[in-house]
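**Student:** Please see the structure below; I have some questions.
Derivation of every value follows stated rules applied to the coordinates shown; laboratory data play no part. Predicted model only: the values in this text are computed from it and were never measured. Positions of Cβ are backbone-derived with ideal geometry, glycine not excepted, and every protein chain shown enters the neighbour counts.
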Amino acid sequence: MPSRPSDGSVVLGWVRKRGVDRLSIAGLALDGGKPPRGLAVLPADLVQHALKTPALQPLGGRFTASGDHVAFTPRLPFVAGLTYAVMLRGEGEPQVWKIERPRAAAGAPAEVVAIHPTAPEVPLNLLKIYVQFSAPMREGDAAEAVEVRRLDTGELLEDVFFQGRYELWDPERRRLTLLLDPGRIKRGLGPHEAMGYPLVEGTTVEVRVTDRFRDAEGRPLAAPASRRYRVAAPIREHVDPVRWRQLWPAAGASDPLEVRFDRPLDHAMLQHAVRVTDADGAPLPGRVEVAPEETVWRFHPENPWGAGPYSLVVEPMLEDLAGNSPIRVFDRDLERPEDAPPRPAAPIVMSRALAPAAGKVA
């Protein structure tokens, strides 16, 4: 940890505690023994943009004070080889100090593996887009590196995505969740009344992930990536598993269970919000596959199917592309109390006993 300077300057350094790298800041005037307000950490190349856009998301993490030092522990690991800035906003001009992370061994730059949904058509009240990368990425680039453009006019759509306090990454920092502004989707809220939906019904839009993104080694993406969507009518109804078609294999087979939905569902949630259990209610070992366009879910068991019974279990938080679930309609009339989701809600369980294939003895 850097020693506290005697000349009133600020000194930055890297420290490691319990296996986590932290940024140590010495020389700040503490606010009653606490980190001063208006303190933020972000990639140094975003400083000028942050000075013009106060709402720019800083790195997620927390500041703690110990003695006469302040430490910043990031929510996600720091990026090797990247220069970071500590910014302090207060009265007058913001103060900025910079420090570089040591570089790691060189390797291939990251690529965009997938953009979900993969369905060619999305509802007007689309809630989320996922971008999957081949390697861990750095935080802070999403606002500048993702564009949404109308193809008929070439217009770049502004304020499509919600700018929360932090970007939404999975723990490995490989999957980014882009949340379309809920305030513009929910009818009755001020942003919706003032600006309307982020997308325009009847148009085709292109979501483009540009090479302004940097990976965890500080390198730009190998290439930009994009996906086009036709914007259809909004969806304002519950997800109803009763409408799904379940294709169960016969006992003794190793074929997957296939479930066909009545509409595309949330790709990320399908990995964990739908499962198969055995007669004792224990999760059945196996592998989940989500087919392109997110309308088919398959479960590949590790072992051949027995005579059952088995259950298909659906968690109540499972959503479609518009954020609707079995217990709520996301884009609902806020003046209707009966549309409010119940709390708590139990999983939906649909059971099936499997029969042996024709000509086989169970």
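**Student:** Among DSSP bridges having both ends in the chain, what percentage is antiparallel? Round to the nearest 5. If you can, show how the numbers build up before the last one.
**Tutor:** Details: 78 of 82 bridges.
So the antiparallel bridges amount to about 95 percent of the total.
**Student:** What order do you get for M317, M87 when you list them from fewest to most C-beta neighbours inside 10 Å?
**Tutor:** By the 10 Å Cβ count, ascending: M317, M87.
**Student:** When only DSSP loop residues count, what GluC sites (Glu not before Pro) in region 75-183 have their Cβ near at most 15 other Cβ atoms within 10 Å?
**Tutor:** Loop-located and lightly packed - E91, E111, E155, E158, E172.
**Student:** Further question: Is the shape of region 12-85 rounded, prolate or oblate, going by the alpha carbon gyration tensor and its root eigenvalues a ≥ b ≥ c, with a/c under 1.5 for rounded and a/b larger than b/c for prolate? Mind showing how you got there, number by number?
**Tutor:** Details: a/c = 1.97, a/b = 1.19, b/c = 1.66.
Oblate shape, in that a/c is at least 1.5 and b/c is the bigger or equal ratio.
**Student:** Checking the a/c ratio against 1.5 first, then a/b against b/c, what shape does the Cα gyration tensor give for region 112-232?
**Tutor:** On the way: a/c = 2.02, a/b = 1.51, b/c = 1.34.
Note, shape of region 112-232 comes out prolate.
**Student:** Something else: Note down the magnitude of the dipole of region 112-232 about its Cα centre, charges +1 on Lys and Arg C-beta and -1 on Asp and Glu C-beta and zero elsewhere, to the nearest 20 debye.
**Tutor:** I would put it at about 240 debye.
**Student:** Sticking with this one: Between (1) 1.61; (2) 1.07; (3) 1.19, which entry matches Cα Rg over 2.2 N^0.38 Å as derived from the coordinates of this structure?
**Tutor:** Among (1) 1.61; (2) 1.07; (3) 1.19, the one calculated here is (3).
**Student:** Cα to Cα, under 20 Å, and not fewer than 8 places away if on the same chain: which lysines meet these conditions relative to K98?
**Tutor:** Straight-line reach from K98, under 20 Å: K52.
**Student:** Considering the options V20, A194, F162, tell which one lies farthest towards the positive end of the dipole of the chain, charges being +1 on Lys and Arg and -1 on Asp and Glu at the Cβ, about the Cα centre.
**Tutor:** Of V20, A194, F162, it is V20.
**Student:** While we're looking at this one, here's another question. Given +1 on the Cβ of Lys and Arg, -1 on the Cβ of Asp and Glu, and no further charges, what dipole in debye does region 11-100 carry about its Cα centre, rounded to the nearest 20?
**Tutor:** The dipole magnitude comes to about 380 debye.
**Student:** Arrange the following residues from fewest to most other Cβ atoms within 10 Å of their Cβ: D211, D141.
**Tutor:** Placing the least packed residue first, the sequence is D211, D141.
**Student:** When S66, S134, S325, S226 are ordered from fewest to most other Cβ atoms inside 10 Å of their Cβ, what list results?
**Tutor:** Ranking S66, S134, S325, S226 by Cβ neighbours within 10 Å, fewest first, gives S66, S226, S134, S325.
**Student:** How big is the dipole moment of the chain about its Cα centre under a simple scheme where the beta carbon of each Lys and Arg is +1, that of each Asp and Glu is -1, and everything else is neutral? Debye, nearest 20, please.
**Tutor:** Details: 46 positive and 48 negative charges, 174 e Å.
Here the size comes out at about 840 debye.
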